[in-house]
Amino acid sequence: MKDLSMLSFTRTRTQQRTNRSLSLSAMDLEDPKKKTNFLGNIIMAAALTALFILMLKQSPSFNTPTQFSRHEAGVTHVLVTGGAGYIGSHAALRLLKDSYRVTIMDNLSRGNLGAIKVLQQLFPQSGRLQFIYADLGDKKSVNKIFSENAFDAVMHFAAVAYVGESTLDPLKYYHNITSNTLVVLEAMAAHGVKTLIYSSTCATYGEPEKMPITEETPQHPINPYGKAKKMAEDIILDFHKNSDMAVMILRYFNVIGSDADGMLGESPRPELREHGRISGACFDAARGIIPGLKVRGTDYKTTDGTCIRDYIDVTDLVDAHVKALEKAKPSHIGVYNVGTGRGRSVKEFVEACKTATGVPIKVDFLPRRPGDYAEVYSDPTKIRSELNWTAKHTNLNESLLIAWTWQKAHLDGYGTPQLMSAQI
Ligand SMILES: NC(=O)c1ccc[n+]([C@@H]2O[C@H](COP(=O)([O-])OP(=O)(O)OC[C@H]3O[C@@H](n4cnc5c(N)ncnc54)[C@H](O)[C@@H]3O)[C@@H](O)[C@H]2O)c1
């Protein structure tokens, strides 16, 4: 979406062209008998043109680029790719609250225009937030956007992000995650954008035997989603060897929760529900959209026999992004796990979900699902000591209650998107 001053400039130039063609055709049709007036007409046209150019030059949009297209001392302009999505919209909200200038770029293939509208209503002032509808797979458009905007940093969230879907459609994942990250990185390099915060995942570790997972744990991803993210990380790491870019790679664990003020929430497309995550399934069960929850595997060597995962609240996660942005240093690359450091069993999660929703959700216990690993949780020591970040919202009941409150108030999510989904 174009900034308003940009639109007025575009219109002014069109008017200029229209005026010129009108005056030419007027001359073409001129009666030869009126040649005596010819000189007068030329003088008049020249005077009008001079006046028009003067007015154009005095218009603020002629001399001053839009606030998004120029760097401004004391203002950090962050490009948030995937900012219409769950985590990206929460990150944009936090950045805007912290006085950053934000451009959201999203193709709305999975995100919600409604989330952008909420942000625009909260921050309507000029130069705070702009939304650009674009597909990161379209290299030409991405380059144009980078050439028209003065970004100081990029938070690259945009991605397809479901493990199950990635096994069914791996090429979509390699294209959307790996190839698009290359497009972003190339645009950043070509346009001198010096800071990158990259959304990675614990899925890049695969099935490590030793818990907790540190940043030194070898990465052996086992599905196309994890592999595509690992490849994107490798591209960034290789590029960084000969670059002074400041890079932070954040490997998230299982993200839950939503904005504590109830402005934003998680609202995946209905067709993606089957690939969905545990909190989405829990809310769907509480709302009666699905008959209940299926817990797969009760004989793991864990405290209650169900799998153990590390659930990180989205408010803490975006806080880690802001800290990473603040601490990013030129020519330095930082890789961090973003988790609580504490594993919770699936049974524990389901109980928290029942408490938060107040619904006695029906639970079926089934045999293990092949490929699921018993226990995954992070060691967050590095991010604590280097970025001074620690998870604060570690009460599952509270995180789920906040998310449930938003869900109940938004039974239709953000409503029907007004733009058609773009191809990924
Ligand atoms: N949600 C989690 O638990 C989790 C865990 C680990 C990592 N991550 C990572 O966090 C990031 C955000 O995930 P999310 O849960 O918010 O997902 P999401 O689907 O809610 O948001 C992704 C956004 O990216 C946009 N997008 C996708 N492809 C695009 C393209 N080609 N061009 C422009 N926009 C595009 C979508 O429209 C959507 O708005 C992803 O990179 C994901 O891999 C998420």
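For this structure, a couple of remarks:
- Equivalent ellipsoid semi-axes, the range 104-208, via Cα gyration tensor eigenvalues times 5, rooted, Å: 25, 18, 13
- Backbone HN-Hα couplings from phi across the range 337-349 [Karplus 6.51/-1.76/1.60, Hz, Gly and Pro as x]: 6, 10, x, 8, x, 10, x, 10, 7, 4, 4, 4, 4
- Taking only alpha carbon atoms, the range 230-357 gives an Rg to Rh ratio of 1.05, where Rh is the Kirkwood radius.
- Ranking of E215, E233 by neighbouring Cβ atoms within 10 Å, starting from the fewest: E215, E233.
- Extended-chain gain in nm, criterion 0.36 nm per residue less alpha-carbon gap, L366 and S331: 7.6 nm
- In the range 67-409, the alpha-carbon atoms span a convex hull of 124 Å³ per residue.
- Scanning residues 5 or more positions from V102 or on other chains, those with amide H under 5 Å from its amide H are V78, L129, Q130, with H placed 1.01 Å from N in the peptide plane.
- Put simply, the range 296-408 fits an ellipsoid with semi-axes of 30, 19, 10 Å; these come from the alpha carbon gyration tensor as the roots of five times its eigenvalues, largest first.
- Counting beta carbons within 10 Å around each of L119, L411, L396 and listing the fewest first gives the order L411, L396, L119.
- If R0 is taken as 51 Å, the Cβ-Cβ distance between T303 and A189 corresponds to a FRET efficiency of 0.60.
- Kirkwood-based Rg to Rh ratio, the range 195-278, C-alpha trace: 1.03
- In percent, rounded to a whole number, the relative contact order of the range 255-340 is 30, using alpha-carbon pairs under 8 Å and six or more apart.
- Amide proton proximity set for G206, modelled H, under 5 Å, gap of 5+: H220, I222
- Burial ordering of K227, K144, fewest other beta-carbon atoms within 10 Å first: K144, K227
- Amide H contacts under 5 Å for R368, placed H, 5+ residues apart: G297, T298
- In sequence order, calculated HN-Hα J values of the range 103-117 (Karplus, 6.51, -1.76, 1.60; Hz; x Gly/Pro): 10, 9, 10, 7, 9, 6, 5, 9, x, 10, 4, x, 5, 5, 4
Coordinate-derived values only; no laboratory data. A quick note: this is a predicted structure, and the numbers were derived from the prediction, not measured. Please note: Cβ atoms are built from the backbone with ideal geometry, for glycine as well, and neighbour counts cover all protein chains shown.
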